[in-house]
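These notes are about the structure you will find just below.
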Amino acid sequence: MHASANTGSLPATTYVSIGQIKSLGAALELPKSSGGCDTLDDESKATCGTSAGPDDMPQEIWDKVKNHPCYSEEAHHHYARMHVAVAPACNIQCNYCNRKYDCSNESRPGVVSQKLTPEQAVKKVVAVASEIPQMTVLGIAGPGDALANPKKTFDTFRMLQEQAPDIKLCMSTNGLALPELVDEICQYNIDHVTITINMVDPAVGEKIYPWIFWNHKRVTGYEASKILHEQQMKGLEMLTARGVLTKINSVLIPGINDEHLIEVNREVKKRGAFLHNIMPLISEAEHGTVFGLTGQRGPSASELKAVQDACMGGANLMRHCRQCRADAVGLLGEDRSEEFTMDKLEQMEVVYDLDKRKTYQDKVEVERQAQHAAKQEALATASAMTVGDDLQVLVAVATKGGGRVNEHFGHVTEFQVFQVSSTEALFVGHRRVDQYCQGGEGDDEQLPSVVRAINDCHAVLVAKIGACPKDDLTAAGIEAVDQYVGEFIEKAALSWFNDYRSRVASGAVTHQNRGDAQIRQGAFTSVAEAA
Ligand code: CLF
Ligand code: SF4
């Protein structure tokens with residue numbers, strides 16, 4: 001048996017009811033791990049999360065995460081990533097995946113990628129990096145498993161490193177082939193590896209993985225999940241020992257691994273995972289997955305948040321994942337892949353100018369530091385107020401990037417959601433919606449779906465909003481606020497919150513709890529995707 005199969009003195013599975021989750025998560029006493037954030041020598045700094053800054057971690061780790069949009073929540077407002085779909089094959093079967101579509105570990109099902117050879121992929125990355133100077137990371141995330149296609153994956157990384165040395169290399173895997181390939185990962189300076197780990201108990205795994213392909217044959221049932229689990233734990237430990245930053249992705253499947261993810265969180269933290277990203281299951285019958293066809297539902301917004309909150313204090317939590325496609329290009333939450341199809345690339349004149357990229361990124365860094373400073377200042381003001389200390393609300397924000405309130409309500413395809421209190425303004429998720437404004441006109445039929453998406457929020461901050469949707473939102477109990485246009489999000493959210501606290505204290509408004517919200521299955525349907 002691999003040493004990694006031993007999950008320590010803890011029971012293989014710890015089940016708690018969803019109502020108990022928060023207290024259990026908060027009470028977890030986690031052992032020291034051999035790496036990741038908790039290698040910090042100052043205990044008080046050992047809580048760095050995706051919103052952490054340079055003061056919260058050693059310089060060498062900060063250098064790795066500061067402009068990686070997935071590893072730093074702050075960075076995701078400013079820096080972009082891209083994926084190249086060079087890895088079509090997979091060595092396992094997940095019940096939430098239909099192989100006709102992208103790998104749903106790192107992408108949502110529903111769109112077939114344009115598969116590329118390593119040569120085409122490198123050409124595409126260089127072209128995108130020339131056009132989008134804030135694109136800092138290349139990830140290989142499917143459409144199958146990066147390490148089930150090792151030659152294509154590593155050829156791509158090797159060639160890219162020679163042509164564009166400033167781009168960070170990143171990959172995701174289900175972990176089955178990981179231990180055998182860790183040394184090769186290190187050889188190509190791949191600093192960031194994601195492993196999708198949905199269970200640490202093969203009895204749970206059996207409900208998620210019908211089979212794996214192992215030693216030239218198909219293995220099914222409990223045995224399959226046991227092998228997968230052992231490989232995942234071993235691979236994670238090996239990466240940690242070599243100083244590679246690891247992120248664990250877990251798909252939350254209600255009734256199958258929701259409560260079990262707390263145990264997953266504990267085990268990956270123990271083995272040095274830097275980040276844990278708990279994502280909602282995407283499951284629709286039309287995707288043709290086992291879960292889609294058997295009616296397995298995904299979580300609601302509050303179910304997802306309850307599990308994420310329960311895991312706070314374990315491994316650092318990522319909450320800004322967009323479950324990207326395997327050929328995504330751009331800021332998280334936007335998709336510019338249609339601008340860079342192979343036929344368009346043929347027409348492009350590509351000049352890879354390192355200095356130009358650096359100059360642009362220096363400007364981005366100034367903006368990002370200004371956002372950070374604005375947040376600290378706003379937090380100081382919020383904590384100095386003496387009324388409404390016990391309030392905590394969610395606020396939806398319309399933004400098109402840069403960390404500012406700068407999008408019209410009618411143009412939003414994704415709201416960012418922040419949890420705001422007198423001590424924090426924390427990104428806790430995003431909600432996809434169909435655009436309310438279609439062809440210059442508000443579409444009143446869309447409004448109920450927008451309200452359902454942000455129904456747990458007390459306010460929505462926008463650059464502009466018409467009178468009709470504003471009235472409808474007010475009737476639904478959501479304040480539409482357009483007075484913070486252009487301001488940094490956290491500062492705007494805290495300013496609105498301070499005003500709200502004053503109004504509650506004076507009796508001008510009565511604070512009421514909000515309801516649950518709906519997580520939209522799949523991305524919005526853009527013209528490009530529909531084509
Ligand atoms: Fe891609 Fe993944 Fe690297 Fe990011 S995505 S391989 S770590 S560069 Fe990011 Fe996309 Fe979520 Fe993945 S938002 S699906 S976590
Ligand atoms: Fe699909 Fe990815 Fe699972 Fe493979 S690892 S079956 S490609 S979701």
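The values are calculated or read from the model by the stated rules, or taken from the named source; none is laboratory data. Just so it is clear, the structure is predicted and the values come from calculations on it, not from any experiment. Please note: Cβ atoms are built from the backbone with ideal geometry, for glycine as well, and neighbour counts cover all protein chains shown. Only protein heavy atoms, including side chains, enter the accessible area calculation; ligands, DNA and RNA are left aside. Shrake-Rupley method; radii C 1.70, N 1.55, O 1.52, S 1.80 Å.
Are any of the residues in the range 265-272 within 15 Å of ligand 2 (Cβ to nearest atom), assigned to a loop (DSSP other than H, G, I, E, B) and at negative phi? Please lay out each step first, then the result.
Step one: filter the range 265-272 for residues within 15 Å of ligand 2 (Cβ to nearest atom), giving none.
No, the range 265-272 contains no residue that is within 15 Å of ligand 2 (Cβ to nearest atom), assigned to a loop (DSSP other than H, G, I, E, B) and at negative phi.
Does Arg325 satisfy the condition of being of a type in the set (D, E, K, R) and either more than 14 Å from ligand 1 (Cβ to nearest atom) or surrounded by fewer than 22 Cβ atoms within 10 Å (Cβ to Cβ) (or both)?
no
Return a yes/no flag: does the range 311-324 have any residue that is assigned to a loop (DSSP other than H, G, I, E, B), within 16 Å of ligand 2 (Cβ to nearest atom) and more than 13 Å from the chain's Cα centre (by Cα).
Within the range 311-324, not a single residue is assigned to a loop (DSSP other than H, G, I, E, B), within 16 Å of ligand 2 (Cβ to nearest atom) and more than 13 Å from the chain's Cα centre (by Cα).
Any idea which residue in the range 96-122 is farthest from ligand 2 (Cβ to nearest atom), counting only those that are open to solvent by 20 Å² or more (accessible area, probe 1.4 Å) and modelled with pLDDT of 80 or more?
The extreme case among them is Glu119.
Filter the range 128-143 for residues that are open to solvent by less than 10 Å² (accessible area, probe 1.4 Å), within 16 Å of ligand 2 (Cβ to nearest atom) and more than 18 Å from Ile185 (Cα to Cα) and give the result. Reasoning before the result, please.
Keep residues of the range 128-143 that are open to solvent by less than 10 Å² (accessible area, probe 1.4 Å), which gives 128-129, 132, 135-142.
Checking the rest, the ones that are also within 16 Å of ligand 2 (Cβ to nearest atom) come to 139-142.
Answer for the range 128-143, where residues must be open to solvent by less than 10 Å² (accessible area, probe 1.4 Å), within 16 Å of ligand 2 (Cβ to nearest atom) and more than 18 Å from Ile185 (Cα to Cα): there is none.
Name the one entry in Leu228, Leu252, Leu275 that is more than 19 Å from Cys94 (Cα to Cα) and either open to solvent by less than 10 Å² (accessible area, probe 1.4 Å) or at pLDDT 95 or above (or both). Spell out the reasoning first.
On the way: Leu228 fails: more than 19 Å from Cys94 (Cα to Cα); Leu252 fails: more than 19 Å from Cys94 (Cα to Cα).
Going through Leu228, Leu252, Leu275 in turn, the sole match is Leu275.
Select from the range 451-504 the residues that are within 17 Å of Phe418 (Cβ to Cβ) and β-branched (Val, Ile, Thr) and write down the one among them that is most open to solvent (accessible area, probe 1.4 Å).
Top of the filtered list is Val485.
When you go through Arg357, Arg336, Arg368, Arg319 one by one, which is the residue that is within 15 Å of ligand 1 (Cβ to nearest atom), at pLDDT 85 or above and farther than 24 Å from Ile197 by Cβ? Outline the logic, then answer.
Values: Arg357 fails: within 15 Å of ligand 1 (Cβ to nearest atom); Arg368 fails: within 15 Å of ligand 1 (Cβ to nearest atom); Arg319 fails: farther than 24 Å from Ile197 by Cβ.
Going through Arg357, Arg336, Arg368, Arg319 in turn, the sole match is Arg336.
Would you point out which residue out of Leu147, Leu160 is hydrophobic (A, V, I, L, M, F, W, C), under 30 Å from Pro202 (Cβ atoms) and open to solvent by less than 30 Å² (accessible area, probe 1.4 Å)? Let's see the steps before the verdict.
Numbers: Leu160 fails: under 30 Å from Pro202 (Cβ atoms).
After ruling out the rest, the residue left standing is Leu147.
It is to be established whether one or more residues within the range 279-289 are hydroxyl-bearing (Ser, Thr, Tyr), in contact with a Cys (Cβ under 7 Å, 6 or more places away or on another chain) and open to solvent by less than 10 Å² (accessible area, probe 1.4 Å). Can you show your working first?
Within the range 279-289, the subset hydroxyl-bearing (Ser, Thr, Tyr) is 283, 289.
Next, only the ones that are in contact with a Cys (Cβ under 7 Å, 6 or more places away or on another chain) stay: 289.
Cutting the leftovers down to open to solvent by less than 10 Å² (accessible area, probe 1.4 Å) gives us 289.
Looking for residues that are hydroxyl-bearing (Ser, Thr, Tyr), in contact with a Cys (Cβ under 7 Å, 6 or more places away or on another chain) and open to solvent by less than 10 Å² (accessible area, probe 1.4 Å), one finds at least one in the range 279-289, hence yes.
Is it true that some residue in the range 144-155 is within 13 Å of ligand 1 (Cβ to nearest atom) and in a strand (DSSP E or B)? Don't jump to the end; show me each part of the working.
Filtering the range 144-155 for residues within 13 Å of ligand 1 (Cβ to nearest atom) gives 145-147, 153.
So of that shortlist, the ones also in a strand (DSSP E or B) come out as none.
Checked the range 144-155: no residue is within 13 Å of ligand 1 (Cβ to nearest atom) and in a strand (DSSP E or B).
Take the residues in the range 79-93 that are in a strand (DSSP E or B) and hydrophobic (A, V, I, L, M, F, W, C), then tell me which one is nearest to ligand 1 (Cβ to nearest atom).
Of the residues in the range 79-93, the ones in a strand (DSSP E or B) are 80-83, 87, 92-93.
Add one more test, that the residue is hydrophobic (A, V, I, L, M, F, W, C), and what stays is 80, 82, 87, 92.
Values: Ala80: 10, Met82: 8, Ala87: 11, Ile92: 18 Å.
Applying the filter and picking the extreme gives Met82.
Does the range 436-449 include one or more residues that are assigned to a strand (DSSP E or B), under 15 Å from Ala398 (Cα atoms) and of a type in the set (Asp, Glu)? Give the derivation first.
At the first step, the residues of the range 436-449 found to be assigned to a strand (DSSP E or B) are 437-438, 441-442.
From what is left, the residues that are under 15 Å from Ala398 (Cα atoms) are 437.
So of that shortlist, the ones also of a type in the set (Asp, Glu) come out as none.
Scanning the range 436-449, I find no residue that is assigned to a strand (DSSP E or B), under 15 Å from Ala398 (Cα atoms) and of a type in the set (Asp, Glu), so the answer is no.
Search the range 60-78 for residues being within 10 Å of ligand 1 (Cβ to nearest atom) and either crowded, with 24+ Cβ neighbours inside 10 Å or modelled with pLDDT under 90 (or both), and hand back the single one that is farthest from Asp145 (Cα to Cα). Steps first, please.
As a first pass, look at the range 60-78 and keep what is within 10 Å of ligand 1 (Cβ to nearest atom): 68-71, 76.
Applying the additional criterion that residues be either crowded, with 24+ Cβ neighbours inside 10 Å or modelled with pLDDT under 90 (or both) yields 69-71, 76.
Values: Pro69: 21, Cys70: 19, Tyr71: 20, His76: 24 Å.
By that ranking, first place goes to His76.
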